[in-house]
1. Counting only other residues whose beta carbon sits under 15 Å from that of ASN69, what net charge do I get with K and R as +1, D and E as -1?
2. Work out how much length VAL157 to SER187 would gain on full extension: take 0.36 nm times their residue separation and subtract the Cα-Cα distance, in nm to one decimal.
3. Choose one of PRO56, SER172, ILE30: the residue whose Cα lies farthest towards the positive end of the charge dipole of the chain (beta-carbon charges +1 Lys, Arg; -1 Asp, Glu; about the Cα centre).
4. I'd like the carbon and sulfur percentage of the solvent accessible area for segment 8-151, probe radius 1.4 Å, heavy atoms only, ligands and nucleic acids excluded.
5. Helix 186-198 sits at what angle to the longest principal axis of the chain, using alpha carbons and giving 0 to 90 degrees rounded to 10?
6. Past the 32 Å Cα-Cα mark, which pairs from LYS76/LYS173; LYS136/LYS173; LYS76/LYS155; LYS8/LYS155?
7. Quick check for you: with a 1.4 Å probe and neighbouring chains kept, what is the accessible area per residue of the chain, in Å²?
8. Which order do the peptides 35-48, 158-171 come out in when sorted by mean C-beta neighbours inside 10 angstrom, highest first?
Amino acid sequence: MRFALFRKNFIVTSTALSITSGTGTVSNLIDRKPNIKWTSVGENSDVNTAVVRWTPDSSTNISAIFLQNHNFENLKITYNSGSTFTPDITMASNTASNSFFRFNSQTITHIDVIVTATHIANAEKFLGEMIVTNLKAEIDTNPDYGGYTPTTYKKGVEHELSDGGIVSVFLSKKFRADITLGFIASSTANSLSAIWNEHTDLVFVPFGVDTFTTNWDGQAEHVNWIGDLDMTRLRDNTISGYLGSIMLRQIPD
C-alpha cells in the first residue's frame, strides 16, 4: 500500500468505550501511546471472551481500524450488533502484534472488537491503541530514495560543561517527516489541497498493508501538516501531473 493520510481518530473520549473488564486502563486505548496498554482483568483464559465496544455520538461512516500493540490471536470485529464488514474482519491463529484493517466504507452505530485466544495461551488480553478512521488520500507513487526523511525530534537541553562533558536533559520525542513527491495526479493534488485547507490533525500511515494477514509494522503517526501548500508545481511544464512536498509534525500528547 502507498503512503496514506487518514482522518484523525474518531474515538476522542474514553466514555465512548465500553469493555468487559479492565475499566481502570480503558483511557490507554486512545492516549496515542501504544506502549501504554489497556489490559483485561480476570479474562486470562482462552475460553473467555473480551469485548471492546466503541459507540459514537451518532451514526458514523468509517473505512479503517488500526490496532497497535496487542496480543490477540483470535479476533473478530463486527458492527451494529453482529454485522460483518466487507471484507469480514476475522483472524484466527494470528501472530502479529499490530493489525491494519481497511474495508468498504460502512455507517455504524457501534463496533465490537471481540477477542478470545491470546498469543501466549491463557493470558490477559491487552491493546495499546485503537484508531477508527477514514481514508482521506493515498499518494499516487511513494517517494524515491531520499524523498522521505522521517526523524525523531528530541525536545530537551544539551549543555556543555567546563570540562567539555555534555549534560543531556531529555523531555520528550516527536515524529517528524518531510515527503517530496515526484508525481501527483490532478485528482490527488485536489485531495491533498483539500486536506491542507482543513488545517486539522491527521493520521499518517507510511507503510500500510493490503491484506489483514500481512504483517504491519504498526506505524500510524498523529500529525499536523505544517508550512505552505506545495501541490501545484507542474511536473514537466504540461498538465500531466504535479510535483510537491508535505511536511508532517507530530501533535502534542
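The values are calculated or read from the model by the stated rules, or taken from the named source; none is laboratory data. Worth saying up front: this structure is predicted, and the values here are computed from it rather than measured. Please note: Cβ atoms are built from the backbone with ideal geometry, for glycine as well, and neighbour counts cover all protein chains shown. When the accessible area is computed, the model is the full protein with side chains, heavy atoms only, and any ligands, DNA or RNA have been set aside. Shrake-Rupley method; radii C 1.70, N 1.55, O 1.52, S 1.80 Å.
1. Values: positive: ARG32, LYS33, LYS37, LYS125; negative: ASP31, GLU73, GLU124, GLU129, ASP217, GLU221.
Computed value for this residue: -2.
2. The VAL157-SER187 span can extend by a further 6.4 nm.
3. PRO56
4. 49 percent
5. The angle comes out at about 80 degrees.
6. Listed pairs above 32 Å: LYS76/LYS173; LYS76/LYS155.
7. On a per-residue basis, 49 Å².
8. Working: 35-48: 16.6, 158-171: 8.1.
The peptides rank, most packed first, as 35-48, 158-171.
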